[in-house]
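This report concerns only the one structure given below.
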Amino acid sequence: MLLDVMDRKRRTKKKDSHKQQAAKAKLRKASLETRLVDAREDLAAISIEIDRLADAVAEVQAEFSRRRLVDMRQFVATAGKRGIRSGIGLIVRRRHKLCVPVASWRVIETFKIVDGKRTFLTKDIPMFTATGYRIESLLEHAHGSEYQAVREAEAALQKIRSELRPLVIRGTRLKQSIYQLERQLERMDQCQAVSPARKAKPALDQLSLPLGSFVPDSSIPQLRNPGG
């Protein structure tokens, strides 16, 4: 009787422990799902800001091209023959994981004739900091009439880059966080898959023996020491 009571208490305690673990797992899953939704919303908001700044970069590039006062074809035709640097150009490209637009200044050094057409040979000017170039370095490659346009364009771009940089960092971290949260939820779903219930051990009197099995006859004395 005492053993039955203790066994019931043990089973009840084990059952309560399973319920508590299930409740904790449910709360943790809900917390992960909430964090995942928040991270996705934050990343969507950052994407909107990046798109806005991408439009601003394109506007700076268009304005710079419009304000150039020199016909570069004529300038290259005269300066390019001497193999000197002929001018400076502003390009925009997307090369980041988040497709962030990057505006880079490029030197137009000279040109070569390919199939009767002039092809400009260019190379990038190295950026001084994460958000800007040295104006002096840019002006070394610019024509005198381009100085003011270069200064104004780079000033606008430095402001845009300073806004883009924290967005890029935050967006990259959010993408990493989203990936990790998704993996955690996947693992939880796999662990919570229903496992087959354990079968209770049958009592000794419930054991069924297959036909043909040897069953000792209780009427026959089982002699342990047949020799006496």
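The values are calculated or read from the model by the stated rules, or taken from the named source; none is laboratory data. Owing to the predicted nature of the structure, the values given are computational and were not obtained by experimental measurement. Here the Cβ is made from the backbone with ideal geometry for all residues, glycine too, and neighbour counts use every protein chain on show.
Filtering the stretch 81-116 to residues that are in a strand (DSSP E or B), over 18 Å from Ala56 (Cβ atoms) and modelled with pLDDT of 70 or more leaves Gly87, Ile88, Gly89, Arg106, Val107, Ile108, Glu109, Ile113, Val114.
Please verify whether Ala156 is of a type in the set (Gly, Ala, Ser), surrounded by 14 or more Cβ atoms within 10 Å (Cβ to Cβ) and modelled with pLDDT of 95 or more, treating the condition exactly as stated. Taking the combined requirement at face value, the residue satisfies it. Checked against (1) modelled with pLDDT of 85 or more; (2) not in a loop (DSSP other than H, G, I, E, B), His141 meets all criteria but (2).
Condition (residue is among the polar types (S, T, N, Q) and modelled with pLDDT of 85 or more) applied to the stretch 122-135: is it met by at least one residue? Looking for residues that are among the polar types (S, T, N, Q) and modelled with pLDDT of 85 or more, one finds at least one in the stretch 122-135, hence yes.
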